[in-house]
Amino acid sequence: MQTLRASKCGLSAAQLPSSILDVIDALTKAGYEAYIVGGGVRDLMLGLNPKDYDAVTNATPSQVKEVFGRRCRIIGRRFELAHVYSGRELIEVATFRAPPKKAVTSSAGMILRDNNWGTIEQDFARRDFSINALYYQPRKNEVLDFCDAVDDIQHKTLRLLGDPMLRFEEDPVRMLRTLRFAAKLNFSIDEKILDIFTPEITQLLRDVSPHRLYDESQKLFTMGHLNRVMPMLIEFGIWRQLFADIPPDITPFIERAAKNTDQRISIGKTINPAFFYAVLLWKPFLERCDFYASKGVVPAEARAQAGLDVLKRQATRTIIPRFAETFIREVWEMQTRLLNPKPQQIEALSSHARFRAGFDFLLLREKSGDQNTQGMGIWWENYQTLTADERERAIADYNRQRAKSRRKAAQAPAEDSKAHAAVQQAEIEPLVNEPEPRSRRSRKARSAEDRRPAASAAAEGGIGADHPILKRKRVQRDLSQVVFGPTR
């Protein structure tokens, strides 16, 4: 273990937000040891902006609760932690861990209980990656380095502490964290990890809760380097463990959505992680829609049932929360409404709660080469930039174009039938080619000749004048015997 001056590592208390300093100072004042640890220290040394800060202390969660009172909430069963609120910020405070006295593990070796308190030296040994094992005390201006973590940061190397196989068995999620850190920090993975990181070992992820895997997948989607990590998920066999029916293939649609997500994060825009799930599951959703359509199910019911099926199947790997499932299904349903909107509903549709997400989804499909969008992505993009008068003209133009397309669609079968009749007529040569009379008198004469008396026509058909049907007379009824009105 070496103690380094924080200033030589590029660290300064002036870089830290008041929330983490508040937690460190309060614990120190109460007589406990307190350090900043993990990704916050690592990112500061790399010149990055940390997403959050974590603290570690020798105080137990109940003692942390005594220090902060109502500002503290204890969470976790497998790994008990204290959440401390400082203003609007949430600081996660962990207690120094020691090796378990009696290992409580699953059949695959995953740790099920880990609430044995210990010293800072024991806590260091329990951490996963060397780059996350730096302990920073801002008030003392010192950094504790137990494993040459500073060298790993300088050489951009991702190294696990201890035996990689044992560490993956203890917590299989470390496989996801390995790829996430490698993609986010652009670090090379240590050879000892690569030697055992095979598709077979990824089967350990089946023992992890689908709820936790969903949380980890969201970290992959929102770290800002999604386009870089996706090929790694396929290469190391993680893709098949996270996604049930999604082929391990990065389509142009998925690639464009990943790049768009990374761009939004880089400029500080918010994203909904469920949106990328909607992109990933789009192809299985369409395939399921086609399945129900082939069974004769009406389109609306087919889409509804297909959405339920796809999301239920995905829940065997990552359980998507109910609100996120609703969002995904609404985005899919908006595709049908945006592709063929009724003119009188266009204005209301543009103010729909899911319009923006549905439009973004449609535009990404169109820009990735999907021909089924019929150019409506660009139409909606232009529509949003128009004034009120221009929107009315755009809707009127759209209505005329829509009616024209419908007429063409209706004329197509009629033209086919006319062509078929013309072919039949060409095959049967007329016996007499008699020109159509030009004068009105001639046309009347011909029509009168065509409407011959029924008797003569019947006679030609073999019915004589004495046929009963021609002898039938109308029977006159005696109305004096008829009672009008209600009867008793």
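Only the coordinates and a few stated rules stand behind these numbers; no lab work does. Because the structure is a prediction, the values reported are computed rather than measured. Every residue, glycine among them, receives a Cβ derived from its backbone with ideal geometry; neighbour counts consider all protein chains shown.
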task: Give me SER368, SER217 ranked fewest to most by other Cβ atoms within 10 Å of their Cβ, as a rough exposure proxy.
output: SER368, SER217
field: Residue (of GLY69, ASN141, TRP117) at the positive-pole extreme of the range 1-155, dipole from beta-carbon charges
entry: GLY69
message: At 0.36 nm per residue, and after removing the present C-alpha to C-alpha distance, how many nm does the segment from LEU21 to VAL298 gain when stretched out fully?
response: 93.7 nm
message: Could you give the length gained by full extension between ASP215 and ASN340, i.e. 0.36 nm per residue of separation minus their alpha carbon distance, to one decimal place?
response: 41.4 nm
message: Report the gain in length on full extension from GLN2 to ILE196: 0.36 nm times residue separation, minus Cα-Cα distance, nm rounded to one decimal.
response: 66.8 nm
query: Is the shape of the range 9-89 rounded, prolate or oblate, going by the alpha carbon gyration tensor and its root eigenvalues a ≥ b ≥ c, with a/c under 1.5 for rounded and a/b larger than b/c for prolate?
result: prolate
message: As a footprinting exposure proxy, order ASP195, ASP25 by other Cβ within 10 Å, with the fewest listed first.
response: ASP195, ASP25
query: Which FRET efficiency, nearest 0.05, do ASP207 and GLU347 yield, Cβ-Cβ r, R0 45 Å?
result: 0.30
task: Among LYS408, LYS184, rank each residue by its count of other Cβ atoms within 10 Å, from fewest to most, as a rough exposure measure.
output: LYS408, LYS184
